[in-house]
Amino acid sequence: KKPLIIDTDPGIDDAAAITLLVDDPSVDIKLIASVSGNVGVGHTTNNALKLLAFLGRRIPVAKGAAAPLMRDNRFATEAHGKGGMGMFDFPEPDTSLLTANNAVLEERRVLMESDEPVTLLTLGPLTNIALLFATFPEVKEHVERIVMMGGSTQRGNIGVYGEFNISVDPEAAKMVFRSGVPILMVGLDIGRKAHLVVDDLDRMEGTGEVGVMIGSLFRSYDGGHIENGIKMYDPSAALAMVEPDMFTMQDAFVDVEISSPLTLGATVVDYDGIISDDHNVSVCVDVDVERFRERFVERIASVERN
Ligand code: BDR
Ligand code: CA
């Protein structure tokens, strides 16, 4: 099993991505680090702890950055609800899992203590990772790669070209893209294509308590406007990491726009060496949607509460 850190802002689709991975035979989740994003970091931390209490999994949770590096918080409560995880009735958070140290120190600890390189799966703004690399650059050589839900090869969601995780903290994202650490980028266009339909939720809810929990979260996603398909942003990154055969990747140079008000947070994806031949990112460019939907439901159905 390969060691994994999940840096995340749960978040309905974050919760689904974590659930998809808790029993994956190829990864060992060493740490969940929270970050401010969809909702404030108090909520995202609590939501991670509640999800783990529900699933009965003992994974340490470290509280991360409370705000972007240089900008004010921007939340996504219209998509994820006021508290960030819809209306599902979770058990009380398991606070015994909360680490004494913050996310940057815990991420550093896991990276430095591990015998083998650690993968970072990032599902929220990149604030913690930028702080980690700036404070402890020696950790970079212990990172296998970053698998990132973020950016877009096409259009955005909070800007015409700006995707949420990148645009909320564009300076942090720029630092991470320039860090020299290999990145697999799974952007908005993939999450939009990899969608579930309401019928998938019905099937999933028939498979057990975990299916009911995930189904219920997604029924309140986007304010309940799910009839035209339920976008699987963070779950796409999770599955691109462990089942890459369903996806198509292409190498590119990627950088982030941080100054233009028109295109703030845009990920500029250069396949053709126009800006640079230095391919710093493997970009996910396509997904087999039918297989994705099947595997999503199968995986959720196989997770049992402990
Ligand atoms: C990303 O933003 C968040 O709302 C989702 O959890 C996902 O990580 C999509 O832009
Ligand atoms: Ca997220």
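Coordinate-derived values only; no laboratory data. Nothing here was measured: the structure is a model prediction, and the numbers come from that model. A quick note on method: Cβ atoms are made from the backbone with ideal geometry, for glycine too, and the neighbour counts reach across all protein chains shown.
Can you work out D for the chain in µm² s⁻¹ from Stokes-Einstein, where Rh is the Kirkwood radius over C-alpha pairs, the temperature is 10 °C and the viscosity is 1.306 mPa s?
Stokes-Einstein gives a translational diffusion coefficient of 84 µm²/s.
Could you go through region 214-224 in sequence order and give the Karplus-derived ³J(HN,Hα) for each residue, using 6.51 cos²θ - 1.76 cosθ + 1.60 with θ = phi - 60°, rounded to whole Hz, and x for Gly and Pro?
Rounded to whole hertz, the list is 5, x, 5, 4, 6, 5, 9, 5, 6, x, x.
Fewest Cβ neighbours within 10 Å first, please rank Ser216, Ser276 accordingly.
Ranking Ser216, Ser276 by Cβ neighbours within 10 Å, fewest first, gives Ser276, Ser216.
Quote the FRET efficiency, to the nearest 0.05, computed for Glu141 versus Ser276 with a Förster distance R0 of 25 Å and r equal to the Cβ-Cβ distance. Write down the numbers at each step before the final one.
Working: r = 22 Å, r/R0 = 0.89.
Computed FRET efficiency for Glu141 and Ser276: 0.65.
For the chain, which longest stretch is free of loop sites, where a loop site is one of the GluC sites (Glu not before Pro) that DSSP puts outside H, G, I, E and B and that has at most 14 other Cβ atoms within 10 Å? Numbers along the way, then the final one.
On the way: sites that count: Glu227, Glu304.
Counting only loop sites that pass the neighbour cut-off, the longest clear stretch is 1-226.
Arrange the following residues from fewest to most other Cβ atoms within 10 Å of their Cβ: Arg58, Arg178.
Least crowded to most crowded, the residues run Arg58, Arg178.
With unit charges on the beta carbons (Lys and Arg positive, Asp and Glu negative) and the dipole taken about the Cα centre of region 191-306, which residue among Val256, Ile274, Gly206 sits farthest to the positive side?
Positive-most Cα among the choices belongs to Gly206.
Applying 1/(1 + (r/R0)^6) with R0 = 35 Å to the Cβ-Cβ distance of Arg178 and Glu294, what FRET efficiency is obtained, to the nearest 0.05?
Details: r = 37 Å, r/R0 = 1.07.
Step by step, r from the Cβ atoms, then E = 0.40.
Based on the alpha-carbon gyration tensor of region 1-132 and its eigenvalue square roots a ≥ b ≥ c, which shape applies: rounded if a/c is under 1.5, prolate if not and a/b is larger than b/c, or oblate?
oblate
Can you give me the relative contact order of region 117-190 as a percent, contacts being Cα pairs under 8 Å and 6 or more apart?
40
Report the full-extension gain for the segment Ser260 to Ser96: residue separation times 0.36 nm, less the Cα-Cα distance, to one decimal in nm.
Values: separation 164, 0.36 × 164 = 59.04 nm, distance 4.40 nm.
Gain in length upon complete extension: 54.6 nm.
Mind giving me the FRET efficiency for Asp115 and Asn228? R0 is 35 Å, r the Cβ-Cβ distance, nearest 0.05 is fine.
Calculated value: 0.15.
On full extension of the chain, what length is gained from Ile158 through Glu209, given 0.36 nm per residue of separation minus the C-alpha to C-alpha distance?
Value of the extension gain: 15.0 nm.
Principal axis lengths of region 233-306 from Cα atoms, whole Å, largest first?
Taking max minus min along each principal axis of the Cα atoms, region 233-306 gives 47, 26, 22 Å.
Putting +1 on Lys and Arg Cβ atoms and -1 on Asp and Glu Cβ atoms, find which of Met70, Ser36, Pro93 reaches farthest to the positive end of the dipole of region 20-97.
It is Met70.
Using the Karplus equation 6.51 cos²θ - 1.76 cosθ + 1.60 (θ = phi - 60°), what ³J(HN,Hα) coupling, rounded to whole Hz, does each residue of region 276-292 give in order, writing x for Gly and Pro?
With coefficients 6.51, -1.76 and 1.60, one gets 7, 8, 7, 7, 8, 9, 9, 9, 6, 10, 7, 9, 7, 5, 4, 5, 4 Hz.
Amide H neighbours of Val285 under 5 Å, counting only residues 5+ apart in sequence or on other chains, H built in-plane at 1.01 Å?
Thr248, Met249, Gln250
Can you classify region 224-270 as rounded, prolate or oblate using the Cα gyration tensor, where a ≥ b ≥ c are the square roots of its eigenvalues, rounded means a/c under 1.5, and otherwise it's prolate if a/b beats b/c and oblate if not?
On the way: a/c = 3.10, a/b = 1.26, b/c = 2.45.
Oblate shape, in that a/c is at least 1.5 and b/c is the bigger or equal ratio.
Test of understanding: ordering His142, His225 by Cβ neighbours within 10 Å, fewest first, what list do you get?
Details: His142 18, His225 10.
Listed from fewest to most nearby Cβ atoms, that is His225, His142.
For the chain, modelled as a GNM with alpha-carbon contacts under 10 angstrom, which of Ile18, Ile275, Ile129 fluctuates the most?
Highest fluctuation of the listed residues: Ile275.
Mind jotting down the distance between the C-alpha centroids of region 10-47 and region 104-150, whole Å?
What the calculation gives is 15 Å, centre to centre.
Counting helices only, and only those DSSP H runs with n ≥ 4, report the 222 nm mean residue ellipticity of the chain as the sum of -39,500 (n - 2.57) divided by its residues, in deg cm²/dmol to the nearest 500. Kindly include the intermediate steps, with their values, before the conclusion.
Values: 12 runs with 111 residues, N = 306.
Mean residue ellipticity, 222 nm, calculated: -10500 deg cm²/dmol.
Once region 145-256 is represented by equal point scatterers at the alpha-carbon sites, with solvent omitted, what log10 I(q)/I(0) does the Debye formula produce at q = 0.13, 0.21 Å⁻¹?
-0.56, -1.18
Taking only Cα atoms and a 10 Å spring cutoff, compute GNM fluctuations for the chain and point out the largest among Pro60, Pro93, Pro25.
Sorting by GNM fluctuation, first place goes to Pro25.
Relative to the present Cα-Cα distance, how much length would full extension add between Asp72 and Val198 at 0.36 nm per residue of separation?
41.8 nm
Given Cβ point charges of +1 (Lys, Arg) and -1 (Asp, Glu) and nothing else, what value in debye, to the nearest 20, does the dipole of region 200-300 about its Cα centre take?
Charge dipole, region 200-300, about its Cα centre: 440 debye, nearest 20.
Let me spell out the model: positive unit charges on the Cβ of Lys and Arg, negative unit charges on the Cβ of Asp and Glu, origin at the Cα centre of region 64-170. What dipole size does that give, in debye rounded to 20? All intermediate terms of the calculation are to be shown ahead of the outcome.
Details: 8 positive and 15 negative charges, 105 e Å.
Roughly 500 debye, rounded to the nearest 20.
Taking amide H positions as placed 1.01 Å from N in the peptide plane, with prolines and chain starts having none, which residues 5 or more places from Ala194, or on another chain, fall under 5 Å of its amide H?
Counting only residues 5 or more places away or on other chains, the set is Met232.
Compute log10 of I(q)/I(0) for region 88-197 with the Debye formula, placing one identical point scatterer on every Cα and leaving out solvent, at q = 0.19, 0.20, 0.22 Å⁻¹, to two decimals.
For region 88-197, the Cα-only Debye profile gives -1.02, -1.07, -1.15.
Where nothing but the Cβ of Lys and Arg (+1) and of Asp and Glu (-1) is charged, how large is the charge dipole of the chain around its Cα centre, in debye to the nearest 20? Let's see the in-between values first.
Details: 27 positive and 47 negative charges, 140 e Å.
Value, rounded to 20: 680 debye.
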